[in-house]
Each structure stands twice: as C-alpha cells, then as structure tokens.
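All remarks here apply to the structure that follows.
Taken together, the values in this text are just the output of simple stated rules run on the coordinates, not laboratory data. The structure presented is a predicted model; accordingly, all values stated were derived computationally and were not measured. All Cβ positions, glycine included, derive from the backbone under ideal geometry; neighbour counts span all protein chains shown.
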C-alpha cells in the first residue's frame, strides 16, 4: 500500500517557484501549478507517493525545506532587483564584431 501526500502552496509567482523546485523532485514526486482562472496567481501543487510512512515523511520534510528556501530566494531577489532588466539579451553586442563574424565571407 502506498502512502500519499499533496502539498498546495499559494504564492506570488508559482511558475517561478515550480521551476526552481522541479529539478529536486524524485521519481515519486510531481509538481505542477494550478489556477482557478487565467488571471489568478495560482498555487504550487506537489504530489508525493512513497511505499513507506518513513519515506513519505522524509520526502515531505525535504520538499518543505526546499520550498522555504525557494520562497526566500525569490523574495530576496525581488527585493534586490532594480530598474535594470533581468534578461541581458545576446551575449555579444549587435554592433560588435566577434572573431567568428569576421571570418565569414
């Protein structure tokens, strides 16, 4: 018999947090974002299924710690962000010629 847990977390940016959490998911975990409508912020939903109660407890505990860290990092990042865009665009400036560009003819 499997043991299951579902953790729902309402937050400001569920897509960002879900992307941060998913790489740590084990095969027994699934994380998604649920919204009641398109405009709603939504919530992160993580479903965990393990064969033992001890395993479920351990996985839930690890997930909650990861969730707390992701929320703290996201909040700190928003606090520190200034008016500059976070996407720096292309690595090289469009009007700068790279070695690769000068060798093409």
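Let me make sure I get this right: for segment 3-80, a, b and c are the square roots of the gyration tensor eigenvalues over alpha carbons, sorted descending. Under 1.5 in a/c it's rounded, otherwise prolate if a/b > b/c, else oblate. Which is it?
Values: a/c = 2.62, a/b = 1.53, b/c = 1.72.
Here segment 3-80 falls in the oblate category.
Is the shape of segment 33-75 rounded, prolate or oblate, going by the alpha carbon gyration tensor and its root eigenvalues a ≥ b ≥ c, with a/c under 1.5 for rounded and a/b larger than b/c for prolate? If you can, show how the numbers build up before the last one.
Values: a/c = 6.02, a/b = 1.57, b/c = 3.83.
Since a/c reaches 1.5 but b/c is at least a/b, the shape of segment 33-75 is classed as oblate.
Once both labels are modelled 7 Å past Cα along the beta-carbon direction, what's the residue 27-residue 53 spacing in nm?
For the pair residue 27/residue 53, the computed spacing is 2.5 nm.
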